[in-house]
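Reading through the structure tokens given below for one structure.
What follows is calculated from the coordinates using simple rules that are stated; it is not laboratory data. Bear in mind that the values here come from a model prediction, so they are computed numbers and not experimental data. Neighbour counts are summed over all protein chains in view; Cβ atoms, including those assigned to glycine, are modelled from backbone coordinates with ideal geometry.
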Amino acid sequence: MIRNSTYMNLSAEMAREGVLNRDLAQLLNVRPATIGQKMANGTFSMRECKAIKKKWFKQYTLDYLFAEEDD
């Protein structure tokens with residue numbers, strides 16, 4: 001399996017809800033490629049995590065959404 005995301009739970013919930021990297025990019029005012037890098041490297045700031053959760057994933061905890069693959 002090729003590892004393309006540190007945030008496996010976030011990736012899964014994005015897929016279920018139809019949220020794309022470009023949607024996150026628009027919310028955070030960055031390029032979609034930057035979102036791909038942040039997903040791969042696990043480098044979202046706490047402010048960014050909270051914004052993503054508030055916009056699309058209110059029902060989940062930050063710990064769940066942004067758990068790293070090895071957690």
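Quick notes on this one:
- Segment Lys55..Glu17, full-extension length gain: 12.5 nm, with 0.36 nm per residue of separation and the alpha-carbon distance subtracted.
- Radius, Kirkwood style, for segment 8-65 when every pair of distinct Cα atoms is counted (Å): 11.3 Å
- Label-point separation, Ala40 to Leu27 (7 Å along Cα→Cβ), nm: 2.2 nm
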